[in-house]
Amino acid sequence: MQRSQLEHLIRAAGEITNQYEFVVIGSQAILGSVEQPPAECLVSMEADIYPLQAPELADLIDGSIGELSFFHEHFGYYAQGVGPETAHLPRGWRDRLIRLQTPGTNQRIAYCLDPVDLFVSKACAGREKDRIFDRALLASGIVDVNAALERAALLEDAGESARVQNWIRRLAANSRRS
């Protein structure tokens, strides 16, 4: 996905829901803060999004411009309507959201996860595609290991926090050997 495609999804979600502000929490949130993310960060053709003031309208987004919709078939990318509880995020993540508002969004606002919060969220999910995404963020210097460790310490669940911190350390050690 490219930034212009994310902007299109925000614009479309706004038209569908009659909402002005959205939150982007999936991998494509990187497009809110990084002009040219690594290619490994752009492989997803979906953006996880919900209306800030009316998260219950996420189903409307999913049904209208979601996977297998006419929109998806026509444009080749789609929005997945999600809820605020979808991602495991460090305490204070809302205070670090990155504002994306452009003519391409029709001046609607999308608040995208900060890259370090996004990194931690992907580390929590732990799927292979998330590991690839996180490796690319570290290798490109978008995310610093120490910042990631500090942010992982802010996860609500202490066990999850420890698991994610251990994974970050292993990832950093493996990156140094490569």
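The values are calculated or read from the model by the stated rules, or taken from the named source; none is laboratory data. Worth saying up front: this structure is predicted, and the values here are computed from it rather than measured. Positions of Cβ are backbone-derived with ideal geometry, glycine not excepted, and every protein chain shown enters the neighbour counts.
List of remarks:
- Test result for residue 131, on the phi < 0 side of the Ramachandran plot and surrounded by fewer than 18 Cβ atoms within 10 Å (Cβ to Cβ): yes
- Against the criterion of being aliphatic (A, V, I, L, M), over 15 Å from the mean Cα position of the chain (by Cα), surrounded by 21 or more Cβ atoms within 10 Å (Cβ to Cβ) and not assigned by TED's automatic domain parsing to the domain that holds residue 163, residue 58 qualifies.
- Test for residue 79: is it under 28 Å from residue 164 (Cα atoms) and either surrounded by 20 or more Cβ atoms within 10 Å (Cβ to Cβ) or not assigned by TED's automatic domain parsing to the domain that holds residue 11 (or both): yes
- Residues that are buried (at least 21 other Cβ atoms within 10 Å of the Cβ) and closer than 21 Å to residue 137 by Cβ within segment 39-55 comprise 41, 47, 48, 49, listed in sequence order.
- Verdict on residue 130 being in the same structural domain as residue 30 (by TED's automatic domain parsing), within 30 Å of residue 158 (Cβ to Cβ) and acidic (Asp, Glu): no
- In segment 73-94 there is at least one residue matching the filter, namely being modelled with pLDDT under 95, aliphatic (A, V, I, L, M) and either under 16 Å from the mean Cα position of the chain (by Cα) or at positive phi (or both).
- Among the residues making up segment 109-133, those that are modelled with pLDDT of 95 or more, out of contact with any strand residue (DSSP E or B) (no Cβ under 7 Å at 6 or more places or on another chain) and among the charged types (D, E, K, R) are 117, 122.
- Hits in segment 136-150 (condition: closer than 27 Å to residue 22 by Cα, in contact (Cβ under 8 Å) with a residue 60 or more places away in the chain and surrounded by fewer than 23 Cβ atoms within 10 Å (Cβ to Cβ)): 136, 142
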